[in-house]
1. May I ask you to say which residue of 332, 326 is under 29 Å from residue 47 (Cβ atoms), within 14 Å of ligand 2 (Cβ to nearest atom), open to solvent by less than 20 Å² (accessible area, probe 1.4 Å) and not small (Gly, Ala, Ser)?
2. Go over the candidates 199, 195 one by one and state the one that is under 25 Å from residue 274 (Cβ atoms), away from ligand 1 (no atom under 13 Å from the Cβ) and in contact (Cβ under 8 Å) with a residue 40 or more places away in the chain.
3. Among the strands (runs of 3 or more DSSP E) contained in the range 174-219, which hold 1 or more residues that are in contact with a His (Cβ under 7 Å, 6 or more places away or on another chain)?
4. Taking the range 14-38 as the region of interest, how many residues are open to solvent by 10 Å² or more (accessible area, probe 1.4 Å), within 24 Å of residue 110 (Cα to Cα) and more than 16 Å from ligand 2 (Cβ to nearest atom)?
5. Tell me whether the range 251-267 contains one or more residues that are open to solvent by 10 Å² or more (accessible area, probe 1.4 Å), under 26 Å from residue 23 (Cβ atoms) and at pLDDT 95 or above.
6. Quick one: which of 174, 165, 230 is within 17 Å of the chain's Cα centre (by Cα), modelled with pLDDT of 95 or more, more than 9 Å from ligand 2 (Cβ to nearest atom) and within 30 Å of residue 24 (Cα to Cα)?
7. Mind checking which residues of the range 85-114 are surrounded by fewer than 17 Cβ atoms within 10 Å (Cβ to Cβ) and among the small types (Gly, Ala, Ser)?
8. Is there a residue being open to solvent by less than 20 Å² (accessible area, probe 1.4 Å) and aliphatic (A, V, I, L, M) anywhere in the range 149-166?
Amino acid sequence: MADFEPRRIIVTGGAGFIGSNFVHWVVDNQPNVHVTVLDKLTYAGNLDNLSGIPEDRMTFVKGDICDAELVDALFADTDAVVHFAAESHNDNSIADPEPFVRTNVEGTFTLLEAARKHGVRFHHISTDEVYGDLALDDPARFTEETPYHPSSPYSSTKASSDLLVRAWFRTYGVAATISNCSNNYGPRQHIEKFIPRQITNILSGIRPKLYGDGLNVRDWIHTEDHSSAVWAILTKGRMGETYLIGADGERNNIDVLRAILEEMGQGPDDFDWVRDRPGHDRRYAIDSTKLRRELGWMPAHTDFAEGLRQTIAWYRANPQWWQGVKEATEAKYAAHGQ
Ligand code: NAD
Ligand code: DAU
């Protein structure tokens with residue numbers, strides 16, 4: 001079958017971490033595509049993430065994916081939507097799950113209804129967390145067949161949104177695909193997340209904070225590799241299919257933290273142990289064989305140490321991007337003993 005060649009795409013959540021990296025990737029690699037970003041600019045959205053993009057390549061619309069009237073108007077004039085917008089942070093979902101249900105479930109429903117009405121191709125961005133967690137000594141990794149078993153309010157709302165997409169494909173024939181990716185790292189990630197929190201702590205003279213026993217494993221992928229995989233699925237993926245995205249990057253948290261400490265000239269024990277996350281998933285691990293075999297995708301950033309060095313360099317070079325929210329972010333953690 002010929003590749004799908006969209007000319008106009010809507011990127012929801014395009015002012016956030018992964019969404020903005022995807023917009024930059026499309027602008028840099030797909031010269032014939034115009035991007036409309038739909039983003040509410042919550043605490044996690046930042047227009048600076050889109051700076052440098054030529055005006056003729058991108059239109060920015062500030063708005064809520066739950067606003068059916070706005071979504072309907074935008075979907076009347078597009079070929080495809082790539083849906084990144086979400087409340088994305090587990091710790092926030094434990095403190096206050098309500099916005100997660102609204103944006104992740106109701107928002108996805110609103111977009112699907114507009115995709116159904118206007119015949120818009122729909123790619124849904126999801127997470128490996130829908131599968132729950134694996135034991136440290138389990139030889140298995142997640143595949144597209146792994147049963148759903150989410151643990152947190154965040155992951156349960158992402159699982160709910162995945163199920164809505166599957167139902168809208170099967171019942172209404174919405175042309176949809178889903179990708180479930182592992183933990184992303186790279187530039188422009190909000191400093192509430194693990195890697196940038198530790199980097200900006202060190203840059204601010206605050207000791208890094210490690211949850212629990214530090215042995216939880218995450219499967220790291222550079223955000224640019226996530227972008228190239230999403231483009232492959234959008235243009236070559238089979239309708240109704242799920243593709244897992246991962247780059248064989250399993251590492252435990254203490255090893256990642258010690259790599260950051262070493263790179264930034266700190267001692268291996270220059271950090272604090274803090275209260276564990278309730279319901280903390282032990283290990284995520286992705287088997288991305290289907291994506292690699294069927295669509296020929298390969299990650300480009302396979303040297304984690306180098307990716308980490310570049311990420312540290314980005315936060316060092318862009319203090320104006322994060323310093324204004326550092327104090328409030330740490331105060332929120334401190335209130336929960338983290
Ligand atoms: P983020 O929190 O950095 O960005 C989310 C963006 O969505 C922000 O720009 C925010 O303003 C926008 N947004 C939130 N609610 C909205 C609403 N109601 N209407 C319109 N815009 C809204 O998130 P991220 O880490 O970039 O994650 C993006 C997507 O990727 C999410 O769907 C997440 O579940 C998924 N994902 C993330 C990771 C990861 O490691 N961060 C891994 C796999 C999948
Ligand atoms: O697996 C994909 C998911 O990865 C995405 O769906 C989520 O949107 C994204 O936030 C991420 O979820 P995690 O919960 O894995 O990421 P986070 O950066 O919050 O934490 C990574 C690990 O580090 C986790 O085991 C908790 C731990 N941690 C986190 C923070 C913020 C610490 O030890 N100390 C910290 O200060």
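The values are calculated or read from the model by the stated rules, or taken from the named source; none is laboratory data. Predicted model only: the values in this text are computed from it and were never measured. Because the Cβ atoms are built from the backbone with ideal geometry, glycine has one as well, and the counts that use them run over all protein chains shown. Just so you know, the surface numbers come from the protein's heavy atoms only, side chains and all, with ligands and any DNA or RNA stripped out. Shrake-Rupley method; radii C 1.70, N 1.55, O 1.52, S 1.80 Å.
1. 326
2. Answer to the check: 199.
3. Qualifying strands (runs of 3 or more DSSP E): 176-181, 209-211.
4. 2
5. The initial filter retains those residues of the range 251-267 that are open to solvent by 10 Å² or more (accessible area, probe 1.4 Å), namely 251-255, 258-259, 262-267.
Adding the requirement that they be under 26 Å from residue 23 (Cβ atoms) leaves none.
There is no residue in the range 251-267 that is open to solvent by 10 Å² or more (accessible area, probe 1.4 Å), under 26 Å from residue 23 (Cβ atoms) and at pLDDT 95 or above.
6. Among 174, 165, 230, only 230 is within 17 Å of the chain's Cα centre (by Cα), modelled with pLDDT of 95 or more, more than 9 Å from ligand 2 (Cβ to nearest atom) and within 30 Å of residue 24 (Cα to Cα).
7. Correct list: 95 only.
8. Yes.
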